[in-house]
Amino acid sequence: MMNQALAITLIDDCVFSARGATAGAHEGLDRIPGQAILGAAATALYAGLDLPSAFELFHSGRLRCGDAVPWVDGMPAWPMPLAWHQRKHVEAGTSGWLRAEAVHNLAHDEIEHPKQLRRGYVSEAGHWVKPRMAMRMKTAIDQHSGRAQDGQLFGYEALAAGQQFVTWIQADSTLAGSAFEDVIGALCGTCWLGRSRSAEYGQVQIERIDLPMPEQQLAPHKRMTLWLLADLALLDGQGQPTLEPSPEYLGLGSGRIIWPQTFLRSRSYSPWNAFRSGWDRERRVLVAGSVITLELDADPTPEMQARLAAGLGQYREGGLGRVWVNPPLLARARPDFQPRPPERDPALPPRPDDPLLAWLDDQDDSWKVGVDDTARDLANACRQVLRDARRIAGIRPGEAFGPSPSQWGSVQEAAQRATGSELHAILFGRMGGDDAQALDGVIKNKGEGWQESVPQPGARWPTFAEWLQGQLQPHSGRRGYGRLVQALARRMRDEDVGTSR
């Protein structure tokens, strides 16, 4: 088997959509999908190949372009394993590094009040990487008038320029002639990846590097742990997509899944095929970071090791199905991180007190990435507590429950006018006292929708307004509080969870 690592530097912002839907807010991937890299190679080579050669190179699965993951300090960072949890209200990491003592692998350990670590990537040294994303609003232009077209406002969430990623191009040794080297040569240099390449997006620089793939630790016993480094698309015994893995569906023979030590998430999407100007069939996949623990009925074989190294499931040519077998990071209840790389020499000249430098600091918007991540997590928490409260209250699907979209719109408007502690006072007013009522706030504790009780530990369940105040209070004195509230309200308003299941 042939392998070549490639380093990808983003010269421009790059857009890789998580789903093809045009309704709702655009959500981008925080990695470079292998399908985009495969498409770049096909753009350069496909027209010069006959049909059998094109099929062998780009459709047979003999050539496989992996997803590109963040590359920091000379080390790749892998999708956060879903087996890792932290205790609620205990931070698992600071300053971009995970603390091994605060990370709990629930495949080997049990803790009270666990909170799953889902977002970001982790290197073998414990570097916790959250790729920087940029969001831009745009509008279509009427080709006749040259003015903005009515009803055509849209936005792109993109990987921000300046970041580095690494991928591996893999091919079977049976691939004909110099086809593998032709693909590597076509990719190296400057090329364009992702959506809107004819505009200001998508330019990257690709170069060869010497970096081995993770070593597969196929132990000589029947139990193994699979860490999904990319999405995994499986078919059941009837050839239909399935989200329930089994050793047979994975191509590993007979056996069983150890469910208490298996942690899965899934998603579905339909890729857009630009050549056919239409959607490909829907893909239902287990997402990268999922952890599967299984036990086989027979000992592993060399053929099985080769199959695992080449990837599992469908669409492997586009990077899906890559796994890490028995990774050292998941071998124990706490991760055993490698020593951190040496820090750069801090002996730098003192910073001058210059107004221009202060102004440049104000233009740095990297803090927005963390604020947007927090808004997304808070929106997920709001949806969950409202779903739990709806179920306990016996509210049927379709019936109004919780704040309405217009109420969330009022919250968003308030956040556009004020920030910080002033905004917090405008939102919640003088919440507290004997009647626990917000006398002059946008979010009224006894107001319709806000007054619903939500299940929480303790003898008294708080109202949704009280619960939301407790969630936002720690952020009210921090930079970006107004942006946080706006993003949260926008997500809740667009989804309208009040009438969902």
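Data overview
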| quantity | calculated |
| --- | --- |
| Region 65-91, residues that are of a type in the set (Gly, Ala, Ser) and surrounded by 20 or more Cβ atoms within 10 Å (Cβ to Cβ) | Gly66, Ala68, Ala77, Ala83 |
| Positions within region 40-70 being in contact with a Ser or Thr (Cβ under 9 Å, 6 or more places away or on another chain) and closer than 19 Å to Leu10 by Cβ, in sequence order | Cys65, Gly66, Asp67, Ala68, Val69, Pro70 |
| Boolean, Asp109 is at pLDDT 90 or above, out of contact with any strand residue (DSSP E or B) (no Cβ under 8 Å at 6 or more places or on another chain), surrounded by fewer than 20 Cβ atoms within 10 Å (Cβ to Cβ) and not assigned by TED's automatic domain parsing to the domain that holds Val287 | no |
| Options Arg118, Arg62: the member that is surrounded by 20 or more Cβ atoms within 10 Å (Cβ to Cβ) and basic (Lys, Arg) | Arg62 |
| Unmet requirement for Pro70, which otherwise passes all of (1) assigned to a loop (DSSP other than H, G, I, E, B); (2) within 16 Å of the chain's Cα centre (by Cα) | (1) |
| Condition broken by Ser277, with the remaining ones in (1) under 30 Å from Met135 (Cβ atoms); (2) modelled with pLDDT of 95 or more satisfied | (2) |
| Output for region 218-236, where each listed residue is in contact (Cβ under 8 Å) with a residue 60 or more places away in the chain, farther than 30 Å from Arg136 by Cα and in a loop (DSSP other than H, G, I, E, B) | Leu218, Ala219, Pro220, His221, Lys222, Ala233 |
| Residue among Leu308, Leu296, Leu234 that alone is modelled with pLDDT under 95, touching a Ser or Thr at 6+ places or on another chain (Cβ under 8 Å) and not assigned by TED's automatic domain parsing to the domain that holds Ala158 | Leu296 |
| Qualifying residues in region 312-333 (those that are part of a loop (DSSP other than H, G, I, E, B) and over 20 Å from the mean Cα position of the chain (by Cα)) - the one nearest to Phe58 (Cα to Cα) | Gln314 |
| Selected residue (criterion: farthest from Asp67 (Cα to Cα)) from residues of region 166-189 that are of a type in the set (A, V, I, L, M) and surrounded by fewer than 21 Cβ atoms within 10 Å (Cβ to Cβ) | Ala176 |
| Residue that is farthest from Val442 (Cα to Cα) [pool: residues in region 406-422 that are surrounded by 16 or more Cβ atoms within 10 Å (Cβ to Cβ) and in contact (Cβ under 8 Å) with a residue 60 or more places away in the chain] | Thr419 |
| Sole exception among (1) at pLDDT below 90; (2) at positive phi; (3) in contact with a helix residue (DSSP H, G or I) (Cβ under 8 Å, 6 or more places away or on another chain) for Gly433, by number | (3) |
| Conditions (1) under 24 Å from the mean Cα position of the chain (by Cα); (2) within 18 Å of Arg223 (Cβ to Cβ); (3) among the hydrophobic types (A, V, I, L, M, F, W, C): number failed by Ile257 | (1) |
| Members of region 129-138 found to be surrounded by fewer than 21 Cβ atoms within 10 Å (Cβ to Cβ) and assigned to a strand (DSSP E or B), listed by number | Met133, Ala134, Met135, Arg136, Met137, Lys138 |
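Matching residues to (1) touching a Lys or Arg at 6+ places or on another chain (Cβ under 9 Å); (2) over 23 Å from Arg332 (Cα atoms); (3) surrounded by 15 or more Cβ atoms within 10 Å (Cβ to Cβ); (4) of a type in the set (D, E, K, R):
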residue	(1), (2), (3), (4)
Trp192	no, yes, yes, no
Gly202	yes, yes, yes, no
Ile209	no, yes, no, no
His221	no, no, no, no
Ala230	yes, no, yes, no
Leu234	yes, yes, yes, no
Gln238	no, yes, no, no
Glu244	no, yes, no, yes
Glu248	no, yes, no, yes
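The values are calculated or read from the model by the stated rules, or taken from the named source; none is laboratory data. On a predicted model such as this, the values are computed, not experimentally measured, just so you know. Counting neighbours? That spans all protein chains shown, and the Cβs are built from the backbone with ideal geometry, glycine included.
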